[in-house]
Amino acid sequence: MLTVHDISIRYGEERVLDHFSCEVKRGDLACITGVSGCGKSSLLKALIGLAPISSGSVRILGYELNEKSCSIVRKEVMYLPQELLFPSENINEFATHVRKIGRVKDVQKSIDKLYKNLFLLGLEKEILDKHLSEISGGQRQRVILAALAQLDRELWLLDEPTAALDEASRDLVIAFLRAKQQSGTTIVAVSHDACFASQCSTLIQLG
């Protein structure tokens, strides 16, 4: 599913990651962990060509990652960064935008999946009628995850999916991700949350 071989990441003269290797098997729930500033988010970005790999190689979803394959890989991976800009202040419009860029063919099936995702994440579907200013940061985080999870992607890359969540919300997200893993989705997540890491099948230690 994912093989990282001896990669180094540099931004100009700044060395972020040096000669790092790891492997994630199909169906894993993997956690990238380590001290702050050790390159966790940069590693996640590098997996889809959003961070500069100065040496080494990445093989992902059967593709050798390079300038040509990046666009293909990005269409087949669900990537959730720490900060995601909404194209609209309206939550339902964001969910619709996700379906549009994901080229969803069966819209009603996708909407039904969205409602189920919201329920599993402890949210009412009426939240879709709200604006960002009307919901909390924790609700926003879960709404984004529910909306992106409408898309059938076999590999998810998540950056701090439980950050800033209270215990109850964190447990809902963990249960949601474990259920997705059990249904065949491969998940790689950056996290400093020890509780989250303890629920993962694979730990990738940086720093």
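Observations on the structure shown:
- You can think of it this way: the chain between Ile101 and Glu89 has 2.6 nm of extra reach, that is 0.36 nm per residue less the Cα-Cα gap.
- Of the GluC sites (Glu not before Pro) found in segment 1-100, the ones in coil according to DSSP and having at most 16 other Cβ atoms within 10 Å of their Cβ are Glu13, Glu67, Glu83, Glu89.
- Per residue, the convex hull spanned by the alpha carbons of segment 79-123 comes to 93 Å³.
- Cysteines having no other Cys beta carbon under 4.7 Å from their own, within the chain: Cys22, Cys38, Cys70, Cys195
- Listed pairs Lys68/Lys116; Lys25/Lys125; Lys100/Lys180; Lys25/Lys130; Lys75/Lys130 exceeding 31 Å between Cα atoms: Lys68/Lys116; Lys25/Lys125; Lys25/Lys130
- In the chain, the longest principal axis of the Cα atoms and the axis of helix 91-101 are about 50 degrees apart.
- Cα centroid of segment 32-50 to Cα centroid of segment 112-145, whole Å: 27 Å
- Loop-located trypsin sites (Lys or Arg not before Pro) in segment 1-108 (DSSP state other than H, G, I, E, B) with a sparse environment of at most 16 neighbouring Cβ atoms within 10 Å: Lys25, Arg26, Lys68, Arg103, Lys105.
- Note on surface exposure: Tyr11, Tyr63 rank Tyr11, Tyr63 by accessible area, highest first, 1.4 Å probe.
- A Förster distance of 22 Å, applied to the separation of the beta-carbon atoms of Arg26 and Glu76, puts the FRET efficiency at 0.95.
The values are calculated or read from the model by the stated rules, or taken from the named source; none is laboratory data. Remember, predicted model here, so these are calculated numbers, not experimental data. Cβ: placed from backbone, ideal geometry, glycine included. Neighbour counts: every protein chain shown. The area values use the complete protein model at the heavy-atom level, side chains included, leaving out ligands, DNA and RNA. Shrake-Rupley method; radii C 1.70, N 1.55, O 1.52, S 1.80 Å.
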